[in-house]
1. With within 14 Å of another protein chain (Cβ to nearest Cβ) and either of a type outside the set (Phe, Trp, Tyr) or in contact with a helix residue (DSSP H, G or I) (Cβ under 7 Å, 6 or more places away or on another chain) (or both) as the only criterion, which of B:Asp49, B:Asp83 stands out?
2. Do we have any residue at all in the range A:337-348 that's open to solvent by less than 40 Å² (accessible area, probe 1.4 Å), part of a helix (DSSP H, G or I) and among the aliphatic types (A, V, I, L, M)?
3. Report, ordered by the first and then the second residue, all pairs with beta carbons closer than 7 Å, sequence separation of six or more or different chains, a first member in the range A:310-335 that is outside any helix (DSSP H, G or I), and a second member that is open to solvent by 10 Å² or more (accessible area, probe 1.4 Å).
4. So which residues in the range A:31-52 are under 28 Å from A:Val301 (Cα atoms) and open to solvent by less than 40 Å² (accessible area, probe 1.4 Å)?
5. Determine which single condition A:Arg151 fails, assuming it passes every other condition in (1) touching a strand residue (DSSP E or B) at 6+ places or on another chain (Cβ under 6 Å); (2) more than 26 Å from A:Val585 (Cβ to Cβ); (3) of a type in the set (Lys, Arg).
6. Out of all the residues in the range A:258-285, which are over 20 Å from A:Tyr511 (Cα atoms) and out of contact with any strand residue (DSSP E or B) (no Cβ under 8 Å at 6 or more places or on another chain)?
7. Kindly indicate which of A:Ala437, A:Ala395, A:Ala431 is crowded, with 18+ Cβ neighbours inside 10 Å and either part of a loop (DSSP other than H, G, I, E, B) or free of Cβ contacts under 8 Å to residues at least 12 places away in the same chain (or both).
8. Can you confirm whether A:Ile175 is surrounded by 12 or more Cβ atoms within 10 Å (Cβ to Cβ) and assigned to a loop (DSSP other than H, G, I, E, B)?
Amino acid sequence: MTTPVPAPTVPPASAGGPDLSARFPGVVSADTRPGCSGWIVEKDSLLEVATKLRDDLGYDYLSSVTGVDYLPEDKMEVVYHAYKTTGGAGIVFKVQAPRHDPVEVPSLVSIYPGAELQEREAWDLLGIKFIGHPDLRRILMWEGFAGHPLRKDWHEAYFEEESKPFKSRWPDGQIVQAESQNRFNDNIAYPPRFDPAHQTFDTESALYDALRTYQKEEIGLDTDHIIVNIGPQHPSTHGVFRVAVVLDGETIVSLKPVMGYLHRNHEKIGERNTYIMNMPYTDRLDYLASMSNNFGYALAVEKLMSIQPAERAEYIRVIMAELTRISNHLFLIGTLLNDLGAYFTPMLYALEERELILDIFEAVAGSRMMCNYFRFGGVARDLPDGTLQKIKDIAFERLPRKIDELDRFVSENEIVRSRCIGQGILTADDAIKYSTAGPLLRASGIPYDVRRADPYSIYERFEFEVCTRPNGDLYDRLMIRFDEIRQSIRIIQQAVKQVPEGPVTSMKPIYQVRVPPGEAYGRVEGPKGELGFYLVSNGKPNPWRYHVRAPSFINLTAFGPMCIGLKIADLVAILGSIDIVLGEVDR
Amino acid sequence: MRRRCTKSYLVQTHFIGKSGVNVDLDNLNSPKYNIPPEMQGQVAITSLDRIYNWGRRSSVWPLMFGLACCAIEMICTAASRYDLARFGMEIMRASPRQSDLMIIAGTVTKKMMPAIVRLYNQMPEPKYVLAMGACASGGGPFKEGYNVVSGVDRYIPVDVYVPGCPPTPQALLNGLMKVQEKIDGESIKKARWYQKGPDQVEIPVPMLGPDLIDPRKVDLITNNGKA
């Protein structure tokens, strides 16, 4: 076991950016805890400070909202990461509240509507009540679930110890079945003296009540509005996603996304795990882009540990992340056309190329999808012989040709054009307002790409364009994927030529890394948008808080506003163009 | 591989083109019965069970139902490189009423469990369940999670388990071939869904309360809760 290590004296990063404590005297103070940065805002002044941050200082993009349970200090903290869509470093501000029930914090939805789903998540998992939130319901668990699972004093049914490796299993290597520890011999726990036979449970009525809160337009015929549920088992929802809509005829008048059907408790498991144990779990977040997830997590931990990855590893990382982006976008193009009705044929074209990329992943990492390839300070192993040549063949020969071919089939197709152009528009203002990220944001005309706006790794060394499209409709969101694939190919072409020789990791591979206390937010431009990992360390071998800023989850904030007023058939296409992966939406 | 069959029937089939890949044509064309020379090559003799199972095994329609990461490998299995169509299984049905096989492709969560049981109940017999991957088989890497079911077989019967996280398409194909083997071994005479009585057993749908509640275990929950 590692002993707690002292915090490095280097980063008082609250110094970066404007000095909020001078601007808001008495209300904002710098966060002086070891390894921490940012500003602590008084709870009552949060709305005022946030409004000024957005309007006067230009932090118009609220990237991440999450809570941290500081059980030993008996308080809860809500952490906000805001950025400027014009680029540059962000600002972190925090609100603290005493840990009484209920923990109350003002809601920022009126200032940053993108906080809506994230605040609901913090309510669901941490029990932080956001005063003024328009629709504060549970989001990942169901209504009626007992407790708020991410609280540090809440224990799951299979609870054994606060942190891994569990003493019962390591180092002696015993095998203990988790079931044998539970009185029901299953992964379930109930409140004391619970009697299910004499109770009824209602998980749905809160959803339907929320659905019915919409403005009824009094024009023409008085028609009945009907509620339609799509999902969780539906071929167009890309997994176990559910949408509840109210229809007036075929027109959507109210819509609520319902998620959590794949909530796999990444964050709770992540807080029990040691740092390196979380690497394979990140693969399973956005399972179409495991290398990108590895990248974000590795960056966050490296930031905490203040280490620099090896030079060769940096290039390998970039190549792998860009290959991931290509394979993800190919998959999206296939599934979106599926949703538009071109059943499986475009998918076959797309998957053919994706398989070639998966072959490379299998060669370097040993697994097609769950690569688990990045390590703190580098990557797990060097490229095997011949792989670089394979990547070159793909990047210089095959992919550019095949992408052009697929582009020609799709973009000139009369049906695709008439179906997509002008449909499902997300305006630039709305895209920023709802904190959308990635291709969704850029298809609305905002040239915001973390690789350029706040460069990480070695992206500064490569020439590429931040693709944008002006209209923000379905067609733009489809075509921007082609643009981004081309830019990714361009990056790979430059990177494979420059890969230096040398070691692939800057530190020796160890099982238990020593992470000093502090916090870090590592973000990368994943294929679906800004993927962030927020980590709080207290110097122990496992993170105190492990939060994932999942782009496809937050992109769904804009889903409802985009669909309302359109026909029910457009809903499927719009959802397809957002590009959600349920592993990441629900985590 | 030959199996003992209960009764033999004369089945007249017209083999057209290259159909019938799974039938041993030489074996069928030279049975122990005397076939008049003018009918040889046009009449085949087999058992009803075999021809019936051959038809069923070659058109197993899976439910189009992906839960998590494994679903992506399932899609890859259906795509050109691994080509599920070779097995007559490429027609994934979005409706449980039209499907024969449920591939539980991914992590089964408590919130999803009622929906899965409902889907299973809606599938007509004969139906098969394949648990794809570690999560569906036993909880997998997420077993300790508070919202994760420790294996789908706690609620619905599973025919074939495919290990892996996720299983490669080759592994899934192997699992599907195991389903076919299981079909081969069945007999019309003994099949439950041809017997008297209800043609299928409804599984009580779990409820979402403070935690997932299995209606079959209400007594256990009440008694253990008192203790």
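1. Within the list B:Asp49, B:Asp83, the selection yields B:Asp83.
2. Yes, the range A:337-348 contains at least one residue that is open to solvent by less than 40 Å² (accessible area, probe 1.4 Å), part of a helix (DSSP H, G or I) and among the aliphatic types (A, V, I, L, M).
3. Taking only residues 6 or more apart or on different chains, the pairs are A:Ala310/A:Gly502; A:Ala310/A:Pro503; A:Ala310/A:Val504; A:Ala310/A:Thr505; A:Ala310/A:Ser506.
4. The answer is A:Asp31, A:Gly35, A:Cys36, A:Ser37, A:Gly38, A:Trp39, A:Ile40, A:Val41.
5. Unmet condition: (2).
6. Listed by number, the residues that qualify are A:Lys268, A:Arg284.
7. Result: A:Ala437 is the single residue among A:Ala437, A:Ala395, A:Ala431 that is crowded, with 18+ Cβ neighbours inside 10 Å and either part of a loop (DSSP other than H, G, I, E, B) or free of Cβ contacts under 8 Å to residues at least 12 places away in the same chain (or both).
8. no
The values are calculated or read from the model by the stated rules, or taken from the named source; none is laboratory data. Note that this is a predicted model, so its numbers are computed, not measured. All Cβ positions, even for glycine, are placed from backbone atoms using ideal geometry, and neighbour counts span all protein chains on display. Accessible surface is based on the protein model in full, side chains and every heavy atom, while ligands, DNA and RNA are left aside. Shrake-Rupley method; radii C 1.70, N 1.55, O 1.52, S 1.80 Å.
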